Amino acid sequence: MKTRSGFVLPGVLMLVCILILLAATRHYFSRNQLIQAAHGAHYEKAYHLAVGGLDSADELFMKAVSYFNDSRAETMPKIAKAPPELLPILKALLDKDGLPYTRKEFIPIQPAVFKHLQSSWENFATLKVEVELKDLETLVIPSAPGPVSDEREKKILVMLHAEASINGAVAKVCRYREAKLVNILPSILGKFSLYLRQQGSLDNNSFVDTFAGTGGLKDTPLIVYSGKSTGFASLKPEAAADFFESQGWIFLGGDAPWIVGSGPGGGSGEHASGMQMNDQQMFPIPAQDDFSSLGFLAYYSQPEFLAVDLKKPLYNQAFRDVNNDQLFSSRIRISGSRITPTPTNIVGKAIYRWALIQGFTNTATQKFAPFPMLKEPQFPGGNWPGMSQNAAMTVEENFAGDFKRYSARMSYLIEENYNSINLRALKFPSPPLSTAIQIDPISISDKDRPGTSRRLKVDTRPATFIDVNHGNSYQVCRDDGKVLFDGNLSGFEDLRHFLSKAGESFDEPVDFFKKIKNKEKENVISNIYYIKGDLLIDRPLKAKDGCGGMVLVGGNITIQNEIVAPNLETIILISLGGNIRIATSSKIQAGLIALKGSIQAGSSLNVEGILSARDLSMSLLSPLGSRKLLYNPNFDATDTQIYNRGFRFFMPEEGITFVQ
Amino acid sequence: MTKKSINLSGQRHRRAQYGFTLVEILIAMFILQLVIAPVYLMFTETQRTMYKAADTLTAANLASSLIAGLRDVPTKAMRPQPLEEDTLLGPPYQLGILDVLPAPEEFTRKVEIIPLDLAGREGGPFYLVEVQITWFNRKTKTPVNYTVRDLLKGAI
C-alpha cells in the first residue's frame, strides 16, 4: 500500500519526458525549418543566377543567329569575320559549310557577363549554360518531278539549359524554341530574272514602235537587265561560258514559240532592244551582176529594228507589203537595252526577229537605195514599192531577172534562234559575218564557241548559250553539281511546299503588319510569313541587317508602296494561288512570284529582283514612264556560295522558359 | 472483526494514499529542476532558430519581389543605379512605380544596377542587379546580410 503513495515521481518523470519530447520535436522542426529556409534562400539566389545566365546566353545566342542570318558580303566567311564575342559560339554552332547543325552533345556557352554574376560573391556558386540543338523533322518537298529537297532544311528544337548551384541549392532553368533552318531563295526560280510559264492572252509583239522619238509611242516596253552588261563584242569566247552561267536567265515556257521582235523604243537607247548590231557592211558587186562594172556602186547591208516606219518613205517603203503585226516589236526587251545590253541565256522556244535593210550604195555620194522586200510574183514587171518602174526594172536587170539572186540582196525580216544573238557579244578575232550580217552558229569554229553549261541540261544534254534550249525535261544544278530541279519547267507551278518553311502564319494582313513593325515603326521582313487571304502592301516594306525573308500569300498580292532591300538582300513575295498586281512606280527590290497567276504591271515598273509568273500583263503606259527589271544576283540559287548564303535560322524571339 | 479491521486498515491506507512524503516531493522537485532549465533553453533556442528561418525567408522574398518588379521596367527606362536604399530610389525604380511593398522596419533593402554588355564591359544591353537585404539577428543583434544577383534586359 505504501508504494501507491509515490505516484508523484512517475508523474513528474512522465512530465519531464513529455517536455523533453516536445522540446526535441520543436527543436527538430525548427532546425529543419531553418535548413529549409536557408536552402530556399540559396535556391532563390541560384534561380536568379540561372535566369540571369540564361538571359545573357540567350542574348548571345540570338546575336549569333542574327549574325548567321546576315547575308551581307562583309560577314562572309562567317567565322573569319565574326566579332570576337560571337566567335566561340559560332565556332561551336556552325559546321564546315557554315550552317548550324544538330548533335547529341550540348554546346557550352560562356559569355563574359557570367563573370560579373559570380565574381566576389558566393564562394560556392557555379553557373553552367549550354545549348542543345535537336532534330525535329526535315522539311521535305513532295517527291514529284520538279524541285529537289535539300535535306539540310529542317525543323530544329533549340534548348538553352542553365544550371546554377549555390551552397548545394541547385536551380535548373530551361528555355526552348522551335527553329527552322531554311533557304530563303525561291528554288530555281531565283536563277531566272524573268520566268514565264506561258505567253498569256496578249500578243508578245504588240508594241507599236517607231524611230520617230518617244513622243510617237503609245506604250513603254519592259526592259530586262539580267546581270552584267558586256557592251558589244567585248566577251572573249573562253570567258563566255562563265559569263552566261552567272547571268540571270530567262525562261519562256509554253508550246507556241516566243517571237521576240526587236524594237527601236521610239529612238531611245533606254527603250531599244539590246544586242542589235547596227554595223553597216559593204559588199562589192560580184561579176555576174550587171553593175559590177560601176566601181562607185556596192551592195550594203544594215541591220535595223522593227517599226512600222520601215514601210514609210524614210526607208523607201522597203517593207511596205509586210503585215504591220510583223513589224511590231516585243513588249519585253529580253537582253537589256541598246545602251546597256545584258546578254543572257534563254530557256524555251524563243526566236529573235529583226529587219535587214539591203540595197545599193553609192560609195562616192554615200547615198543608199534599199531594195524592197518582195515575194517572187512581185519581182518581174517593176511594180515595186518605193521605186519608180524604171528604177525597179534596172535593178531587176542587174540580177538578170533572177529572183533568187535578188532575194539574197533585198531587205527582209530575219528570224533566228534568240540565243544566237549572244554571239554578237563575243569578241571574234575576225567576225565571221555572212553576207547577210547574221552570225550563223554552225559556222563558228569549236575554239570560238562558248563552252556548254554546267548548270543546265535540256533533255539530258548540256545547254549551250548560242542554241535553242528547249525540250521536255530540264535539269538545273548548282555549280557544285547538286541537282536543284529535275522535270518540266513549264509544269512547275505548285509552290505549296514553301508553306513548310513558314515561321509565322496570319489569318489577316493586319496581324502580319503588326508583327513586322519594329521599334522604329518600320515594316521589316525578317522571316518566312504566310498570310492566308489577300495582301495589300500599302506601306513600305524593308529588309534589314542583311536578313531578308519571304512572304507567302494564299490569294492575290497588290503592291502600292516601295519594297527596299538596302544591300540587295533577298525579299520574296509569293502568291500561291493568285495574281500579283504592281500599282506603284516606286522601287520594288524583291522577287515577285505568281506561278499560278499573272503579274500585272498596272503602271511603271521598277523591280530589282526577279519576276516569275504564269504570264505577264502590262497596261498601256506613257512613254515617259519606265518599266525596268534588274536581276538581283543574290537570287542565283545555282551559285553554291550564294545558295549557302540563302540559309536562315528563323525562330521566335520569345522562348518558353520553365524551371526543371 | 474482519469487517472492522478492514475498515480500520482502510482508513489507515486511505490516509497514506492521498499524501506525499517530503522525500518524494524533494526528489520530484530536484528532477524537475534538473530538466526544466535545459528544456527552457531548448525552447528559446528553437524560438531563435524559427525567427532566423523566418527572417531568411523574408529576406529572400524581399529580394525576389524587388527583382520581379525591376523586370517589368521597360528597356528604354532602365538606367544605372548606385547602391541605394529602396525607399530612396527615384523613378523608374521607385517602389510605388514598381508595385513593390516596402521592406518591414527590421529589414534594410538596397539595390545597385550596373549596365553591362555581353563582353562584360560597361554599357548594356544588360543590367547587373544586386539586391542586398540586411537585418539584425533578433537575439544576438549581429547584422545579417543576404545578397541576390540577376541580369535584367528590361521589358519590351
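See the values below:
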item: Strands (runs of 3 or more DSSP E) completely within segment A:552-644 that count 3 or more residues being touching a strand residue (DSSP E or B) at 6+ places or on another chain (Cβ under 7 Å) and without any contact (Cβ under 8 Å) to a residue 60 or more places away in the chain; result: A:557-559, A:571-575, A:580-582, A:591-601, A:605-618
item: Test: residue in segment A:156-172 that is in the same structural domain as A:GLU105 (by TED's automatic domain parsing), loosely packed, with under 13 Cβ neighbours inside 10 Å and touching a strand residue (DSSP E or B) at 6+ places or on another chain (Cβ under 7 Å); result: no
item: Hey, A:GLY98 outside any helix (DSSP H, G or I) and either in contact (Cβ under 8 Å) with a residue 24 or more places away in the chain or within 7 Å of chain B (Cβ to nearest Cβ) (or both) or not; result: yes
item: Near pairs, Cβ below 9 angstrom, 6+ apart or cross-chain, from segment A:304-316 (assigned by TED's automatic domain parsing to the domain that holds A:THR361 and farther than 10 Å from A:ALA355 by Cβ) to any residue that is surrounded by fewer than 21 Cβ atoms within 10 Å (Cβ to Cβ) and among the polar types (S, T, N, Q); result: A:VAL308/A:ASN324; A:LYS311/A:GLN317; A:LYS311/A:ASN324
item: Hits in segment A:182-193 - residues which are crowded, with 24+ Cβ neighbours inside 10 Å and under 15 Å from A:SER149 (Cα atoms); result: A:VAL182, A:ILE184, A:LEU185, A:PRO186, A:ILE188, A:LEU189
item: Some residue of segment B:132-150 being more than 8 Å from chain A (Cβ to nearest Cβ) and of a type in the set (Asp, Glu); result: no
item: Complete set of residues in segment B:46-60 that are facing another protein chain (nearest Cβ under 8 Å) and either touching a residue at least 12 places away in the same chain (Cβ under 8 Å) or crowded, with 17+ Cβ neighbours inside 10 Å (or both); result: B:THR46, B:THR49, B:MET50, B:LYS52, B:ALA53, B:THR56, B:LEU57, B:ALA59, B:ALA60
item: A:ASP545 part of a loop (DSSP other than H, G, I, E, B) and assigned by TED's automatic domain parsing to the domain that holds A:SER603; result: yes
item: Test set (1) within 12 Å of chain A (Cβ to nearest Cβ); (2) more than 20 Å from the chain's Cα centre (by Cα); (3) without any contact (Cβ under 8 Å) to a residue 60 or more places away in the chain; (4) not in a helix (DSSP H, G or I) - B:ARG79 fails condition number; result: (1)
item: Selection status of A:ALA239, in contact (Cβ under 8 Å) with a residue 60 or more places away in the chain and either within 28 Å of A:VAL347 (Cα to Cα) or in the same structural domain as A:PRO623 (by TED's automatic domain parsing) (or both); result: no
item: Answer residue from segment A:182-234, given it is assigned to a strand (DSSP E or B), touching a Lys or Arg at 6+ places or on another chain (Cβ under 9 Å) and of a type in the set (Phe, Trp, Tyr) and is nearest to A:ASP479 (Cα to Cα) among those; result: A:TYR225
item: Residue in segment A:155-176 that is within 14 Å of chain B (Cβ to nearest Cβ), in contact (Cβ under 8 Å) with a residue 60 or more places away in the chain and among the basic types (Lys, Arg) present; result: yes
item: Residue within segment A:388-406 that is touching an Asp or Glu at 6+ places or on another chain (Cβ under 9 Å), under 30 Å from A:ALA256 (Cα atoms) and not hydroxyl-bearing (Ser, Thr, Tyr) present; result: no
item: Scan of segment A:480-507 for residues that are small (Gly, Ala, Ser), part of a loop (DSSP other than H, G, I, E, B) and buried (at least 16 other Cβ atoms within 10 Å of the Cβ), ordered by number; result: A:ALA502, A:GLY503
item: Candidate set: segment B:1-54, residues that are among the hydrophobic types (A, V, I, L, M, F, W, C) and not in a helix (DSSP H, G or I); chosen: the one modelled with the lowest pLDDT; result: B:MET1
item: Qualifying residue in segment A:60-76 (condition: within 10 Å of chain B (Cβ to nearest Cβ), farther than 30 Å from A:ALA169 by Cα and acidic (Asp, Glu)); result: no
item: Breaking point among (1) hydrophobic (A, V, I, L, M, F, W, C); (2) part of a strand (DSSP E or B); (3) over 22 Å from the mean Cα position of the chain (by Cα), for A:VAL510; result: (2)
item: Condition broken by A:ALA57, with the remaining ones in (1) within 30 Å of B:ASP150 (Cα to Cα); (2) facing chain B (nearest Cβ under 9 Å) satisfied; result: (2)
item: Residue check, A:PHE291 part of a helix (DSSP H, G or I) and either among the aromatic types (Phe, Trp, Tyr) or buried (at least 21 other Cβ atoms within 10 Å of the Cβ) (or both); result: yes
item: Strands (runs of 3 or more DSSP E) fully within segment A:313-375 counting 3 or more residues that are within 30 Å of A:LEU189 (Cα to Cα); result: A:346-348, A:350-362
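The values are calculated or read from the model by the stated rules, or taken from the named source; none is laboratory data. In this text the structure is predicted, and so the values were computed from the model without any measurement. For neighbour counting, all protein chains shown are included, and Cβ atoms are generated from backbone atoms with ideal geometry for every residue, glycine included.
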